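Student: My questions will all concern the structure given below.
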Amino acid sequence: MANEDVQKTLAELSRDLHESKARLEEAQRVASVGHWEWDLETDVVVWSDETYRIFGLSPRGRPMDLATVRSMVHPEDREPLYQGVDQDLVAGERPKAEFRIVRPSGEVRTVSSLTSERWNSSPGDAKRDASGRPYKLFGTIQDITERKRTEEALQEISRKLQESNARLEEAQRIANVGHYSWNLIENRVIWSDEVYRIYGLDPQQGPIDLAKVSEMIHPEDRELVFRAAEEALQSELPADIEHRLVRPDGEVRTIHSVGTVKRDTSGRPYEMFGTAQDITDRKRSEKALKQSQFYLSEGQRLAHMGSWAFNDSGHYWSDELYKIYGLDPQNGAPTIEQYLALIHPQDRASMAETIKRMQEEHCGFDQIERIVRPDGQLRYIRAVAVPVIEQGVFKGFIGTTMDVTEQELLMQELRREQAYLAEAQSLAHIGSWATNFYTKQMFHLSDETFRLHGFDPKDRIPLERFFDTIHPEDAATVTAAINQAMNSRTDFDIREYRVCHPDGTIRFVRAIGHHNRSGEMGYYVGITMDITERKKAEQEREKLRQLEADLAHINRVNTMGELAAALAHEIKQPIAAAVANAGACLGFLEGQRPDILEAREAASGTIGSARRAAEIIDHVRSLFKKSFPQREPVEVNELIREVALLLHNDIRRNSVAVHLELAENLPEVAGDRVQLEQVLMNLMLNAIEAMRDAGGDLTITSQQTDDGHLVISVSDTGFGVPANKIDQIFDTFFTTKPQGTGMGLAISRSIVESHGGRLWATSDSGRGATFRFTLPHEGLMGT
Amino acid sequence: MSTLSSPIVFIVDDDEDMRLSMQRVLKTVGLRAELFATPLDFLQRNIPDAPSCLVLDVRLPGMGGLEVQHKLIEAGINIPIIFITAHGDIPMTVKAMKSGAVEFLTKPFRHQELLDAIQQALQRDQLSRRHRNEIAELQERYKGLTARERKVMDLVVSGMQTKQIAAILGTSEITAAVHRGHVMHKMRAGSPAELGSMAERLKLSANR
């Protein structure tokens, strides 16, 4: 019975054992945990079924040995595993390891193993023999591949989360958007890094409390912010506001903040979450845009300029454009027909043509035309159109239209004024100009200025060519005058010089230049006037004066010549008659029967004719004598100056320099003023003529000799008188000049002698001549 | 046949002394002179049918000597002119000579110069007068020809023989010879050549 009982108990025990073993197996399988035993003495390894499964083997398929186990460990993990186990064992610790195994199918699994020692003495976790040496190692092995994967996946998710957090942060930083959460229950605020930055704070600075936030909000906006928060808490709507904040460094920024309230299931708010965006820059550019739009429209208004665009998407007109055309913006941009109706009838056809060409050829235009506004007002507008071409494709037109009525009217006025001015200039022969003589730039040249220099106003003439027209003899003087004025920055007035026109005409002009003291060097505004007529009139007057003088003085050349011719004719008549009579006389006496009676008559005829010739000569002499008796006190120096003045034209024309060396306090002479003048004039004209081509010096001296006579000398530096001719020059009819009468010096000598003086000449041939004459002064006259 | 009267010299000068002295010079060779103080006085005088010439001062009151010359040419008065002047210039001389002046004397001139010039002028005038008279006589003779005779004269002058003339006139040769004889007789031509020269001179005068 006991045996049976034992048997029974054994059977029960065995059953129990089986059952628990099976449960263990089941538990191990579910948990993927296997166990093993390694008998260190027999080196036998026993695996549980699950261990086999973990290793990818069929349970109890074969006994395990160490080498097989070792071969199944992942080669990379083999060494570290065994070394780690040994170390742990030596250190008396329970080896614990994670490593990979390679299943026969090649699949890699990650396992975790826990090893313990077994001693016989104690039923504990290690099996050691009596000597204290473990005789068995026991361990569990768990397949943690799935766990491991999950862990890795988690790690991946966490990493990605962190990454996207970082990205969000970055995005927020770039967008100047930060987020915050306000724990309403604990009244704690958490800021993202960007919010710190927006507030000008360091994100590392630590948490921020509400008081600090309130402090940083712009004082003027503080109430607004909290009221908005309050309202959000009361309502369902988010708080959406713009406010300013003051950074610690004093900078003011504008923030756009949106906050939503989170509530728990009972509807109690527990958190406000929101974003804060720094919109200062956007705000600023919005403001700038508004400003520039304002400036644009204001500019258009001020400039009376409108703009328009015409493309596929429509026809745009700016407000100012409507205003210019007097149209109501409400009605929209006009059609081309409507537009053309606004154009002044006289300009309409050309405008229509322009629009047509613009549409056909896609070309722009720029023209001024007249429009008639609906209210009847006439305005001048300047319309500019430009084709828009993008990447070679025509897109439409843009353009501007400007009301230029005022400018146009001014322009017309200006043109009229200019026409009047030009007319006046042309009538007065005055040209105006503005030029920089230094840089040779010409800023203004009136038409008359061109004409005065013989140019066509239509031509472009450089300044040099104007200078080139100056008569070669005057060029140096003119240039010097301008240069001098330029250097001293003063005005100039060149009273007279000649310009030669391309056609050979020579005109006398006067140029006046006004220097603008504040202006640049060489800049002059001035006029050039044609003084030829005036000059001619002056010359005429001068000629008349000369003529009068000449008449008074018995004109030296012409009158003398005519006088001589008349004299010759008059004298030739009786002489010819005398000769004929004498011839006839001879004729009567010749032959076989001389006619004495007739011969006598012819002879007396000869006498009569000869006598008549003598009478004519006496008559002419008496003509001269008639003016002699005049005797008056004459101041010789004054006389010399007068004559020099009278001859100034001849002097200038022949480039002669006059030197008057007159002694002072000379006594007066008694004489015929007119005759003495003639003597001086004769001598001076001779002198000037002697220097005609070469120019030279004309020196006139007056002085008193010891014996009380006045000596007047007239010297030239001309060709002089040859020594062998010096005595003949005073002979009547002696002349060296083509037009000379040969009477000047003879008459002069006769006049001087009639005044009780002498006239003589000295000369070095080739080096000029000096004529001297003496006059007794008044006190000596009687003697 | 012309009985030429004695030659006459017309003198136009405003200077009386001059006129008288020149008259005396002419008198030494027995030439008759008629004196005028102004050109107008002279132009009113009818030129007699006698050899004559004109001594003309260039410078005259009222009308210059060259103008007088021009007027005379215009009036068809053919009288040789001797100009005298106190001072003549070359252009004036050329002009005067071109218009047919015989001589241009400058005062004072030697009396023989004047006489030579006058002799030359009178000779020239005599010649032209004779010429003019001859033409007049030829014209007279020509007027005496009948129409037929004039025709015959033309044919003779053109060098035709009597036979040819007869053929043209449609007459007998004898009739033509008679006409021809009349022509030669009336025109006082000694030969057909002389008749030819007469016809030539007549033609020239007719053209004049």
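Coordinate-derived values only; no laboratory data. Not measured: the values here are computed from a predicted model. We place every Cβ from the backbone using ideal geometry, glycine too, and count neighbours over all the protein chains shown.
Student: Largest first and to the nearest Å, give the Cα extent of the protein assembly as shown along each principal axis.
Tutor: Result, largest extent first: 247, 121, 74 Å.
Student: Using only atoms on other chains, find how many Cβ atoms lie within 10 Å of each Cβ of peptide B:28-34 and report the average.
Tutor: Shielding by partners across B:28-34 averages 2.
Student: If the reach is capped at under 22 angstrom between alpha carbons, list the lysines near B:Lys27, excluding any in the same chain fewer than eight residues apart.
Tutor: Hits, sequence-local ones excluded: B:Lys107.
Student: I've got another one for you. So which helices of chain A fit the span-like rule, where a helix is a whole DSSP H run, its Cα atoms reach 18 Å or more along the axis, and its mean Kyte-Doolittle is at least -0.5?
Tutor: What comes out of the filter, once short or polar helices are dropped, is A:472-488, A:558-589, A:596-626, A:673-690.
Student: Give the average, rounded to an integer, of partner chain Cβ atoms located within 10 angstrom of each Cβ in B:116-128.
Tutor: 0
Student: Cβ neighbours within 10 Å, averaged per peptide: list A:456-466, B:64-74 in order, most packed at the top.
Tutor: B:64-74, A:456-466
Student: Using the beta-carbon distance between A:Ala211 and A:Ser158 and R0 = 35 Å, what value does 1/(1 + (r/R0)^6) give for FRET efficiency, to the nearest 0.05?
Tutor: Numbers: r = 35 Å, r/R0 = 1.01.
The formula returns an efficiency of 0.50 here.
Student: Here is a further query. Mind ranking B:13-22, A:23-32 by how tightly packed they are, going by the mean number of other C-beta atoms within 10 angstrom, highest first?
Tutor: Descending packing order for the listed peptides: B:13-22, A:23-32.
Student: With a 10 Å Cβ neighbour count serving as the proxy for reagent exposure, in which order, fewest first, do A:His709, A:His501 appear?
Tutor: Ordered by Cβ neighbours within 10 Å, fewest first: A:His501, A:His709.
Student: Per the Debye formula with a single identical scatterer at each Cα and no solvent contribution, what log10 I(q)/I(0) holds for chain B at q = 0.10, 0.13 Å⁻¹?
Tutor: The computed values of log10 I(q)/I(0) come out as -0.58, -0.75.
Student: Let me ask something else about it. Going toward the positive end of the dipole of chain A, with +1 on Lys and Arg Cβ and -1 on Asp and Glu Cβ, which of A:Thr477, A:Ser432, A:Leu81 do you reach last?
Tutor: Projecting each Cα onto the dipole axis, the largest value belongs to A:Thr477.
Student: Identify, among A:His515, A:Phe365, A:Gln407, the residue whose Cα sits farthest towards the positive end of the charge dipole of region A:364-516, taking +1 on the Cβ of Lys and Arg and -1 on the Cβ of Asp and Glu, with the dipole about the Cα centre.
Tutor: A:Phe365
Student: Also, quick follow-up: Listed highest first by mean packing, meaning other Cβ atoms within 10 Å per residue, what order do A:289-301, A:317-329, B:32-44 come in?
Tutor: Output ranking for A:289-301, A:317-329, B:32-44: A:317-329, B:32-44, A:289-301.
Student: Rank B:Ala193, B:Ala136, B:Ala96 by mean-square fluctuation in a GNM of chain B with C-alpha springs under 10 angstrom and give only the top-ranked residue.
Tutor: So, out of B:Ala193, B:Ala136, B:Ala96, the one fluctuating most is B:Ala193.
Student: Something else: For the charge dipole of chain A, defined by +1 on Lys and Arg C-beta atoms and -1 on Asp and Glu C-beta atoms about the Cα centroid, which residue among A:Gly396, A:Ser754, A:Gly718 has the Cα displaced farthest towards the positive pole?
Tutor: The Cα lying farthest towards the positive end belongs to A:Ser754.
Student: Treating cross-link reach as a plain straight distance, find the aspartates and glutamates whose alpha-carbon is under 17 Å from the alpha-carbon of A:Lys136, omitting any fewer than eight places away in the same chain.
Tutor: A:Glu37, A:Asp39, A:Glu41, A:Asp43, A:Asp65, A:Asp86, A:Asp88, A:Glu93, A:Glu117, A:Asp125
Student: Under 20 Å between alpha carbons, and skipping anything fewer than 8 positions from A:Lys148 in its own chain: which lysines qualify?
Tutor: A:Lys96, A:Lys160
Student: From the P(r) of region B:144-207, could you give the percentage of C-alpha pairs in the tail past 18 Å?
Tutor: Considering region B:144-207, 29 percent of its Cα-Cα pairs are separated by more than 18 Å.
Student: Another question about this same structure. Please give the charge dipole size of chain A, origin at the Cα centre, charges +1 on K and R Cβ atoms and -1 on D and E Cβ atoms. Round to the nearest 20 debye.
Tutor: That gives a dipole near 1140 debye.
Student: Continuing with the same structure: Rounded if a/c is under 1.5, else prolate if a/b is larger than b/c, else oblate: which is region A:285-403, with a ≥ b ≥ c the root eigenvalues of its Cα gyration tensor?
Tutor: Details: a/c = 1.92, a/b = 1.14, b/c = 1.68.
Judged from the Cα gyration tensor, region A:285-403 comes out oblate (a/c at least 1.5, b/c at or above a/b).
Student: Moving to a separate point now. If you place +1 on the Cβ of every Lys and Arg and -1 on the Cβ of every Asp and Glu, how big does the dipole about the Cα centre of region A:175-278 come out, in debye to the nearest 20?
Tutor: Its charge dipole is roughly 180 debye.
Student: Could you let me know the centre-to-centre spacing of region A:1-64 and region A:247-270, using Cα atoms, in angstrom?
Tutor: 66
Student: Something else now. Starting from the amide H of A:Gln441, placed 1.01 Å from N in the peptide plane, find each other amide H under 5 Å away whose residue is 5 or more places distant or on another chain.
Tutor: Sorted by chain and number, the residues that satisfy this are A:Asn436.
Student: Give me B:Cys53, A:Cys500, A:Cys363 ranked fewest to most by other Cβ atoms within 10 Å of their Cβ, as a rough exposure proxy. Before the final figure, lay out the partial values.
Tutor: Working: B:Cys53 26, A:Cys500 17, A:Cys363 13.
Least to most surrounded, the residues fall as A:Cys363, A:Cys500, B:Cys53.
Student: From the phi angles alone, apply the Karplus equation (6.51, -1.76, 1.60; θ = phi - 60°) to region A:768-776 and give each ³J(HN,Hα) in whole Hz, x where the residue is Gly or Pro.
Tutor: With coefficients 6.51, -1.76 and 1.60, one gets x, 9, 10, 10, 10, 9, 10, 9, x Hz.
Student: Determine the shielding of peptide A:582-593 by partner chains: average, over its residues, the number of Cβ atoms on other chains within 10 angstrom of each Cβ.
Tutor: Mean shielding count: 5.
Student: Simple spin-label model, 7 Å along Cα-to-Cβ: A:Val388 to A:Leu427 in nm?
Tutor: In this crude label model, A:Val388 to A:Leu427 measures out at 5.6 nm.
Student: For n ≥ 4 DSSP H runs only, could you compute -39500 (n - 2.57) per run for chain A, divide by its residues and tell me the 222 nm figure to the nearest 500?
Tutor: Numbers: 24 runs with 362 residues, N = 783.
Helix-only estimate at 222 nm: -15000 deg cm²/dmol.
Student: Using the Cα centre as the reference, give the magnitude of the dipole from point charges on the C-beta atoms of region B:77-118 (Lys, Arg: +1; Asp, Glu: -1; all else neutral), rounded to the nearest 20 debye.
Tutor: 100
Student: Let me ask something else. Name the shape class, rounded, prolate or oblate, that the alpha-carbon gyration tensor gives for region A:410-530, where a ≥ b ≥ c are the square roots of its eigenvalues, rounded holds for a/c under 1.5, and otherwise prolate holds if a/b is larger than b/c and oblate otherwise.
Tutor: Working: a/c = 1.79, a/b = 1.15, b/c = 1.56.
Oblate.
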